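Chemist: To start, I am sharing the structure in question, which I have written as structure tokens.
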Amino acid sequence: MSLYSMFQKPGLNGYGYSTTAEQVTVGLDLTGQTFLLTGCNSGIGLETLRVLSMRGGHVIAAARSEDKARAALEQVSAKGTPLACELSDPSSVRACVEAVKALGRPLDAIICNAGIMALPKAVQQHGIELQLFTNHIGHFILVTGLVDALTANGRVVVVSSSAHQRAPKEGIRFDDLAGEKNYSAWGSYGQSKLANILFTRQLAGRLSKGQTANSLHPGVITTNLARHMNPVVSTLFGAVGSLFLKTIPQGAATECYLATHPEVAETSGKYFSDCNLATSSKAAQDDQLAEKLWSVSEKIVADL
Ligand SMILES: NC(=O)c1ccc[n+]([C@@H]2O[C@H](COP(=O)([O-])OP(=O)(O)OC[C@H]3O[C@@H](n4cnc5c(N)ncnc54)[C@H](OP(=O)(O)O)[C@@H]3O)[C@@H](O)[C@H]2O)c1
């Protein structure tokens, strides 16, 4: 537990900054439930895999390769199903969709956890900036492909970030989705995380009654996410992190909460932090922007 966390008060529901994934799922028996989780092999995804499995859930564990997913399951002694899902490769995501459908297990939750952050230079995939492609478009293909596999009370949980506030002024740069003009590592990461929230809000309005979609900021946690940052900065960050950052078990709490907790079974279209409702940026609450992002994403995906 960090020094900072000792001064944080819990929210109305008793959970807060310091709550861990284990604590927020205490007393829940997830036997018979199935969760699809992306980015299962590292950071808060690996902890989410561990805790959901420990509570009896069957996790369809997705990683860039099936070997990575299998190794993650072994690492946390879980019995789930390993699957490959390389989010920057539409054919891999579509193969994952088909493999999930073939399992014939209705999904109680899809947890879009995987992500990349702050690439120092603009890199494109199919003409789209890679963070936007991986964090948003890849998950867009996955979730829209699997909506029919959700249970009647199925939940979609999308891991965004408070960094969505660092998105460009116009929110999403529809006129420069390749990120070729004035590229900024954090601006582009922020844009992709804003896209996560906008996508979730639109999805919430499109799901059947009973199904939900929510997004979240997990906190700031030392994980492999910092791999693209300047090594000096990330080492310093990691070194002082123990004083003020969340631990990985704390970082995994909000996604586990949204995927399983009975008190949010009917909450949809909202943004959470520290296992409580939080306020997202003005752009993240702009439904016209969300609608435009949805239709642009559909067009992009149709051509891939
Ligand atoms: N850590 C933080 O402080 C923080 C703060 C706010 C939001 N978040 C969000 O939390 C989520 C989890 O991040 P983390 O901190 O746990 O980072 P992490 O340890 O780097 O985990 C990220 C996961 O995403 C996977 N991934 C990356 N690119 C992928 C791709 N193209 N296809 C499929 N999987 C891919 C990684 O796989 P590989 O290991 O194979 O690369 C890894 O499993 C991310 O969405 C991130 O944006 C984190």
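Please treat every number below as a calculation from the coordinates, not as lab data. Predicted model, so just to flag it, every value in this text is computed and none were measured. Cβ placement follows ideal geometry from the backbone for every residue including glycine, while neighbour counts extend to all protein chains displayed.
Chemist: Kindly point out, ordered by number, any Cys in the chain whose beta-carbon has no other cysteine beta-carbon under 4.7 Å away.
Modeler: Unpaired cysteines in the chain: CYS40, CYS112, CYS256, CYS275.
Chemist: Peptides 127-133, 69-75: what's the order by average Cβ count within 10 Å, highest mean first?
Modeler: Top of the packing list down: 127-133, 69-75.
Chemist: Reachable lysines from LYS9, Cα under 17 Å, same-chain residues fewer than 8 places away excluded?
Modeler: LYS246
Chemist: I would also like to ask the following. List the trypsin sites (Lys or Arg not before Pro) within region 77-158 that DSSP assigns to loop and that have no more than 16 neighbouring Cβ atoms inside 10 Å.
Modeler: For trypsin sites (Lys or Arg not before Pro) across region 77-158 that sit outside H, G, I, E and B with at most 16 neighbouring Cβ atoms in 10 Å, the list reads LYS79, LYS121.
Chemist: Please list the non-local residues whose amide H lies under 5 Å from the amide H of GLN33, H modeled 1.01 Å from N, same-chain partners needing a gap of 5 or more.
Modeler: Here the answer is HIS58, since their amide H atoms fall under 5 Å of that of GLN33.
Chemist: Still on this model: 5 Å is the cut-off here: which amide hydrogens, built 1.01 Å from N in the peptide plane, fall below it relative to LEU107, excluding neighbours closer than 5 in sequence?
Modeler: For LEU107, whose amide H was placed from the backbone, the distant partners under 5 Å are LEU150, THR151.
Chemist: Another question, then. For LYS169, give me every one of the lysines with a C-alpha distance below 19 angstrom, ignoring sequence neighbours fewer than eight places off in its own chain.
Modeler: Output for LYS169: LYS181, LYS193, LYS282, LYS292.
Chemist: Straight-line reach from LYS209: which aspartates and glutamates have a Cα under 18 Å away, not including same-chain ones fewer than 8 places off?
Modeler: ASP108, ASP148, GLU263, GLU266
Chemist: Going by Cα centres, region 1-48 and region 261-304 are how many Å apart?
Modeler: With region 1-48 and region 261-304 each reduced to a Cα centre, they are spaced 21 Å.
Chemist: Also, quick follow-up: May I ask for the Rg/Rh ratio of the chain, computed from Cα atoms with Rh as the Kirkwood radius, given to two decimals?
Modeler: My calculation of the ratio gives 0.93.
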